[in-house]
Structures are given as C-alpha cells and as structure tokens.
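First up is the structure itself, then whatever we jot down about it.
The values are calculated or read from the model by the stated rules, or taken from the named source; none is laboratory data. As the structure is a prediction and not an experimental result, all values here were calculated from the model. Note: ideal-geometry Cβ built from the backbone for every residue, glycine included; neighbour counts use all protein chains shown.
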Amino acid sequence: MALSLQSWIANEGGKHFVLLLWLGVNTWLFARTFLCYYSGQHYYYLHKMLGLGLCISRASASVLNLNCCLVLLPMCRSLFTYLRGTHRVTSRKARRLLDKSKTFHVACGVAICVFSVVHVSAHLANMVNFSVRYSEDFPLINVARYRGEDPRLIVLTTVPGITGILLVLILFLMFTASSYCMRVSNYEIFWYTHNLFIVFYVILMLHVLGGALRYQTNVEAHPPGCLRANQSSPEQTGEESGQAVGDGRSCKEEAQFQPNSPETWLWVSGPLCFYCAERLYRYIRSNSPVTIVTVVRHPCDVIELRMLKKNFKAHPGQYVVLNCPNVSSFENHPFTLTGCPTEKKETFGIHLRVVGDWTERFAELLLCDPRAQSEVLPMVPQRKYPKLYVDGPFGSPSEEVFNYEVSLCVAGGIGVTPFACALHTLLDGWRHFRLRRLYFVWVCRELQSFYWFAELLCALHHKLWQENIPDYLNLQLYVSQTDGLQNISEERYMPLRSRLLIGRPRWKLLFEEIGKTNKHKRVGVFCCGPKGISQTLHRLCNSDRYSGTTFEFNKESFS
Amino acid sequence: MGKIEWAMWANEQALASGLILLTGGIVGVAGQFRDWQFAAYAVAAGVFVCLLEYPRGKRNKGTSVERTGQYCFTVCVKSFGPLTRNYYVRAFLHAAICVPGAFILATVLGCVCLGIASLIYLAAAIRGEHWEPILPREESARKPVAESIKRPPQNPPPRPPAEIRRKRAEDLEGAAYVNPIPITE
C-alpha cells in the first residue's frame, strides 16, 4: 500500500500543520527570551555572574508559561461540544482538528515535563553560581547571603526554591500516573493525581512572586561595563556577550536593580478561570436528577438503559458520563448514547457492556429483582432504581457521519453504539442530511451480539426499501470467531441473515469496492473498535487510491 | 472501587526517579561543583535503579503491557529470585539508595522522588503484592491439526451394492428422507 501524498494531506495535513505552528511558537519564544538575557543590557551583570544557566532557565520558563496556558484549553469539553454541535466552526476540516484535542493536551503536557527538566537543571547550576560567584560589587543581584553558602540552603530558604521543589513533586506524581498503562489499569490513580493540577497552578503563581532575579533599571545612567571610581579598566570577560555598551566610559551613578515583574499570572489565569468555570457548569448541570425508565437485558452481558432528564438535548454520536453514588461516589464512566431524545420520544438511552467492577456492580443494582421472569423490567412504583447522575452530552468525531455524502462506519463489538444512534436518527428521516450512502460494517466475536440492534437494522432496511432507496444502507456483518456453524435463524431478521459473513473482513477489498462505486468523492471513514482495526483503516485511508476517492479517517477514542 | 495495584505506579515512579537522579548526577559532574563525587554516585545509582525497574511486572487481572525490549531485563531481574520478587526489599533498597542524593543540590530532587517511590512500594508490599515476570505465552492455544488432514482417504466410504441403493417405484415411502438441515435462502 503506497502512501499517497494527496490522501496523507487530506487525513494528516491539518494536525501536522497545528503541530508545526505550536513548535514554531515555542521555538520563537525560547529564542527570543534566550537572546534577551544573553545580550540584553538590563541583565548584563546577572549574566556575568550566572552564565548560560540564566539564559536557559529564563527561556525555558517562558516556554513553560505558554504551555501551562495551553494545556488547559483542550480539556474544556463543553466548549468543544458547543463548537462542534452548533457548527460555529463551519469548516469540516477545522472540526476534525477538534478530534485531536486530547492529543494536543498530551503534547503540551510532555512539553511541560521536558522544559521543567531543562529549567530545573539550569537553576541547579544557577544556585551553585550564586553561591560560588557571589558578587561583592553589586550586592543587590545576589540571592545567596554570603559567598560559599550551601546551595541547598539557598533553595530551601527562598520562596521560589521551596515552591519549585513542590511543583516538581506534583508534576512528578501527575506524570508518572499518566502513562497509557496506568490509565488502562488503575484509572483512579490517574484521575486523582491529575486533579492536583489546581494545587500546581496555585503554587506556580506563588513561585514567581519571589523576585529572585533582578534587572538593572538605570541602563542609560550606568551603562553596563562602565568604569567605576575604584576601577582602572573594564572587567575582562571571556564571552562575546560581554560587549557592554559602557566599556571605557565612566559611570554617572551606581547600578540600580529591581525584581522582574511576574508575568505567569497573565498567561495562566485566563485559561484557569475558564476551565474552573467549565467544571462548575458541568457539576451544576449534572446535579439534576435522572429517572431510569426501562432496563433491558441483552445477550453477551449487555444492558440497555433508558432514562429521562429535563432539558436534555443530544445529537447522535455524543456520549455522556455516568456517576452512580451507590456504586462509587467518585468514579465517572463515559458511555455513548444509543438513543437521543426526539420530539416523539423524550427518553435517551445507553447500552453498557458489563466488563469491569463498576459495570458489574451497577448491573447488579439494576437487575436486582430475582422474581422478575421477563427480560424487560418496566418501572414499577415500589421498584428502587439506584440514583444516577448524568453529565453531558459531550461531542465526539462520530457526529460527522451525516456531514459526508458517503460514509463508511466500522464498528467492533460494543463499539457499534455511536452508529446505532445515527441509525435511529435515520429511521426518523434521512432527507435533510447530506448523507446519501452509508456503508455499515459491524464485526463481532459472537453471533449473539448482533441481536443487540437486530430490530433496528431490520427496521431501517425495510423503511429504505419501502422508500425505494435500497442502496442507501449497505450492511455487512462479520462474525470473527469461525468455530461451528452459525446463522441467524429468526424469520424476522432475514435481511441480516444474508448479509452475515463468517471470518474477518478484508479491508483492502472493501475500500477498493467503495472507491470504484464512489469515484472522486470524499468518503468519511468512522471507526469505533479495537486498535488493530483502527490502525489498519488509518493506513488504508492514507494509501494510494486509484479511483480518485479520498477517504477521511475519523476515530472515536476513549481513555 | 476495585483493587488498585500500587506496585505499577511505584514502578513508574521509580523509573522516573532513576532518570531524575541520573540527570541530576550528570549536571553535578559536568559542572564540577564541590562534592561532585556524590553526583558520580548518583549517576551510577540512577542507572542501577533504571535497570532494576525497567521490566514491568505482571498484573493480577487483565492484560499486562510490556515495555519495549524488556524481555532480557525480565530474565536478569527474575534470576535474583525472592530479592526482586518481594516489594519490601525494593522499598528498603530504594530508601537506602536515595539517601546519599540529599547531600548535594543537584541530586536532591532525585532523592525526594525516589523516596516517594519507596513509600508507594512499601504500601504495595503491605497490601500483599509481589513482582511476577511477564514471560511469553507458549503457542499451545491453537488446537493441533489432526494427522488425517494430510492424508485424505483414497477410497469412498463403504456402501451397500447398487441394486439395493436404487430407488424403487413401488417403495416411494422408503425412498423419501428428511433433510437434517432446513433449506433456507
């Protein structure tokens, strides 16, 4: 599969452009601050004492300011949901960039860690230089109290020193708990340590208040390097940057110094207030009660839950976050909506698969009535469902299914949920969407899993046949476990029976077929399933297409 | 809710602390500051801690994700037996290693971070966790293919002679049979 430039640019171009822009801004900021301290007249004496350590530490500090400001913005999920849903961002290319917000957050986080290491290492050298090169000529720029003071004491007795150590420790805890492995196995540790960010920001704003580094205020009256009363010649320095303005001239007055004014709060306070406002908004919104209307048990450990909440509006493809205090007070779990509220039906629903501790306990609480024989348990007055809080809905890439003329939706197992919601919506009406053809590929391990949405698929299929557009929906179901003879035997699911294939799908052939029948069109590829499938599809989307079709890859991701 | 495996977090922390100790040691040695011998010790200690902590242990439940190329480290660490299996030993070892880092500024941070990692290891040990190596699974999951598939039969199965098999017009009832599998489209 040769990589095609056109396909690559269509899929990856936007992301890489933003990445380059961000790298460019960081580099420019680093270089500008470095040069300011390297050859700036205000810092001449300080630079002579500390050397390169001063320039590197200040330059990395300015990059840290920028990244601490940017790292919070991608996590404002409600804002992004609003931008996505109301199409305020009208270009689809720009909306696709919103899908990568978590990746951008991780990139900023990694930059913070890397530049913290640089910043701390440079300051370690600075501390030793403050101690060893204590300046008797200009006592104001010293941070050490006397020559040869133990650098550890300097750190522990200044505000920037202590706050700096605390910041490194918090960053250490946050960083070590954020690896992919930790998020998959012990999500609680990740979540609780990441919420230390508020402590981090508060201490960060205190860190810059120490006023340790001072700049010279009277550069005109006392040009740096000028001759002073008790000197015969300018001090010889080995560095090029020592070219001071005042070499050879005599000073009019003594050098005066003032601490740098802290600018971190300028960078950081805006995004911090914005993010805190968003969290508060989400908390208030999720506090209104949710009524559980129906609980349905499906095969293969799946439970369908239909709920009712006042003023709840959602688009297909969005997800909600559930919190059940009876199961765990602090855990929040995301689930994609499989049914959105419409004018005819006010309830919204999710399908959840019982896989871990939380879902097991939640399922027990929902299905705890052993006397009920039927699978459907309607709301009975004396039945006590557990109290449930729903936060959301939040936007996801799968909302764009209707905005392409041709879409390919690939679902793996329970990953079918975002597309199920889209299919429900199509059942109500398809004409007002841009979508004209939908290819739906659903791969499951067991045959029983298809019964989760068998009714929905057959209903949609019948409706489209009635309206004489049978090729609107192209359905393919795959059972990947090939043991034994498997077939859907019910009469009412006949459309599914003929579209059931045993074995894994052959993606390359599928793409070629879609390419041939949709020449020179832009096909949206949506994948929600295991990593293997999404990586294969991503590679195929980037590779050469001989039929002129462009495949744009959109991936749903959790964790 | 659910069992949290503290050892995994402690392992990540110890690996990061080893790197911090190593970096601090390099800065201290490169700057040739006073007492740079402590920095040299920190370089060696940092490398040792990284090598010890690189192989990830196996999770109790669920799939364990290996670090790239960790198999040879797993074999080395496994060979020390109970010394590396037990998290109490690791907790005290890290606590002992981190102490000399407190003597010069360059390695103070590495010392504090390794100290935190040692405390989390202690918590993991108290909860009864221990280190299990991740070893490659043997490929016995597939059912072995029977030998007979390679040697198909040469002769058709035995049948009664042709006269008995032919359907007779007078015995229509006996000639009918029911399909075991229903014919559907």
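A few remarks follow.
- Within the range A:511-549, considering residues that are surrounded by fewer than 17 Cβ atoms within 10 Å (Cβ to Cβ) and assigned to a loop (DSSP other than H, G, I, E, B), the one modelled with the lowest pLDDT: A:Y546
- Residue check for A:S116: more than 10 Å from chain B (Cβ to nearest Cβ) and either free of Cβ contacts under 8 Å to residues at least 24 places away in the same chain or more than 21 Å from A:H47 (Cβ to Cβ) (or both): yes
- Matching residues in the range A:302-325 - criterion: being in contact with a helix residue (DSSP H, G or I) (Cβ under 6 Å, 6 or more places away or on another chain) and more than 19 Å from A:I284 (Cα to Cα): A:V302, A:I303, A:H315, A:P316, A:G317
Residue by residue, here is whether (1) within 30 Å of A:F130 (Cβ to Cβ); (2) more than 21 Å from the chain's Cα centre (by Cα); (3) at pLDDT 90 or above holds:
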position	(1), (2), (3)
B:S17	yes, yes, yes
B:L22	yes, yes, yes
B:V27	yes, yes, no
B:G62	no, no, no
B:F92	no, yes, yes
B:V99	yes, yes, yes
B:I104	yes, yes, no
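- Residue in the range A:173-183 that is surrounded by fewer than 19 Cβ atoms within 10 Å (Cβ to Cβ) and more than 12 Å from chain B (Cβ to nearest Cβ) present: no
- Some residue of the range A:466-475 being assigned to a helix (DSSP H, G or I), more than 23 Å from A:T336 (Cβ to Cβ) and over 29 Å from the mean Cα position of the chain (by Cα): yes
- Residue match in the range A:477-492 (condition: in a helix (DSSP H, G or I) and either farther than 24 Å from A:N403 by Cβ or within 14 Å of chain B (Cβ to nearest Cβ) (or both)): yes
- Long-range neighbours under 8 Å by Cβ, at least six apart or interchain, first residue without any contact (Cβ under 8 Å) to a residue 12 or more places away in the chain within the range A:422-437, second of a type in the set (G, A, S): none
- In the range A:421-458, the residue that is nearest to the chain's Cα centre (by Cα) out of those that are of a type in the set (D, E, K, R) and either assigned to a helix (DSSP H, G or I) or closer than 17 Å to A:T338 by Cβ (or both) is A:D428.
- Enumeration of residues in the range A:144-164 that are surrounded by 17 or more Cβ atoms within 10 Å (Cβ to Cβ) and either more than 13 Å from chain B (Cβ to nearest Cβ) or within 20 Å of A:F200 (Cα to Cα) (or both): A:V155, A:T158, A:P160, A:G161, A:T163, A:G164
- The set of residues in the range B:74-130 being over 17 Å from B:A44 (Cβ atoms), buried (at least 19 other Cβ atoms within 10 Å of the Cβ) and polar (S, T, N, Q) consists of B:T74, B:T84, B:S118.
- In the set (1) modelled with pLDDT under 90; (2) within 14 Å of chain B (Cβ to nearest Cβ); (3) closer than 19 Å to A:L54 by Cβ, the condition left unmet by A:P224 is number (2).
- Sub-6 Å Cβ pairs linking a first residue in the range A:351-362 that is in contact (Cβ under 8 Å) with a residue 12 or more places away in the chain and away from every other protein chain (no Cβ under 14 Å) to a second residue that is of a type outside the set (G, A, S) and surrounded by 20 or more Cβ atoms within 10 Å (Cβ to Cβ), at least 6 apart or interchain, are A:H351/A:V302; A:H351/A:T338; A:H351/A:T417; A:L352/A:F335; A:R353/A:V302; A:R353/A:I414, ordered by first then second residue.
- Pairs meeting the criteria (first residue in the range A:185-197 and more than 10 Å from every other protein chain (Cβ to nearest Cβ), second residue among the hydroxyl-bearing types (S, T, Y), beta carbons under 9 Å, at least 6 apart or on different chains) are A:H194/A:S178; A:F197/A:Y275.
- Unique match (being out of contact with any strand residue (DSSP E or B) (no Cβ under 8 Å at 6 or more places or on another chain) and farther than 28 Å from A:G148 by Cα) among B:A42, B:A16, B:A30: B:A16
- Among the residues of the range A:287-335, those identified as of a type in the set (D, E, K, R), more than 24 Å from the chain's Cα centre (by Cα) and not in a strand (DSSP E or B) are A:D301, A:K309, A:K310.
- Looking only at the range B:43-59, residues that are surrounded by fewer than 22 Cβ atoms within 10 Å (Cβ to Cβ) and facing chain A (nearest Cβ under 9 Å) come to 1 in all.
- When A:L5, A:L73, A:L83 are checked against the criterion of being at pLDDT 90 or above and not charged (D, E, K, R), A:L73 stands alone in meeting it.
- Of all residues in the range A:132-153, those satisfying the criterion of being assigned to a helix (DSSP H, G or I) and under 13 Å from B:A106 (Cβ atoms) are A:P151, A:R152.
- The set of residues from the range A:424-448 being aliphatic (A, V, I, L, M) and surrounded by 22 or more Cβ atoms within 10 Å (Cβ to Cβ) comprises A:L438, A:V441, A:V443.
- Residue match in the range B:31-42 (condition: more than 9 Å from chain A (Cβ to nearest Cβ), charged (D, E, K, R) and farther than 21 Å from B:G81 by Cα): yes
- Residue match in the range A:257-273 (condition: away from chain B (no Cβ under 14 Å) and touching an Asp or Glu at 6+ places or on another chain (Cβ under 9 Å)): no
- Taking every residue in the range B:60-80 that is more than 14 Å from chain A (Cβ to nearest Cβ) and pairing it with any residue that is among the β-branched types (V, I, T), at least 6 positions away or on another chain, the pairs with Cβ-Cβ distances below 7 Å are B:T74/B:I134; B:V77/B:T84.
- Residue within the range B:34-42 that is under 19 Å from the mean Cα position of the chain (by Cα), surrounded by fewer than 18 Cβ atoms within 10 Å (Cβ to Cβ) and either on the phi < 0 side of the Ramachandran plot or not small (G, A, S) (or both) present: no
- When the residues of the range B:108-119 are filtered to those that are more than 9 Å from every other protein chain (Cβ to nearest Cβ) and in contact (Cβ under 8 Å) with a residue 24 or more places away in the chain, the one that is nearest to the chain's Cα centre (by Cα) is B:S118.
- Residues in the range A:154-196 that are part of a loop (DSSP other than H, G, I, E, B) and over 30 Å from A:D357 (Cα atoms): A:T157, A:T158.
- Given (1) β-branched (V, I, T); (2) closer than 23 Å to A:F172 by Cβ; (3) out of contact with any Gly (no Cβ under 9 Å at 6 or more places or on another chain), index of the condition B:V47 fails: (3)
- Any hit, the range A:390-410, residues being outside any loop (DSSP other than H, G, I, E, B), more than 29 Å from the chain's Cα centre (by Cα) and of a type outside the set (G, A, S): no
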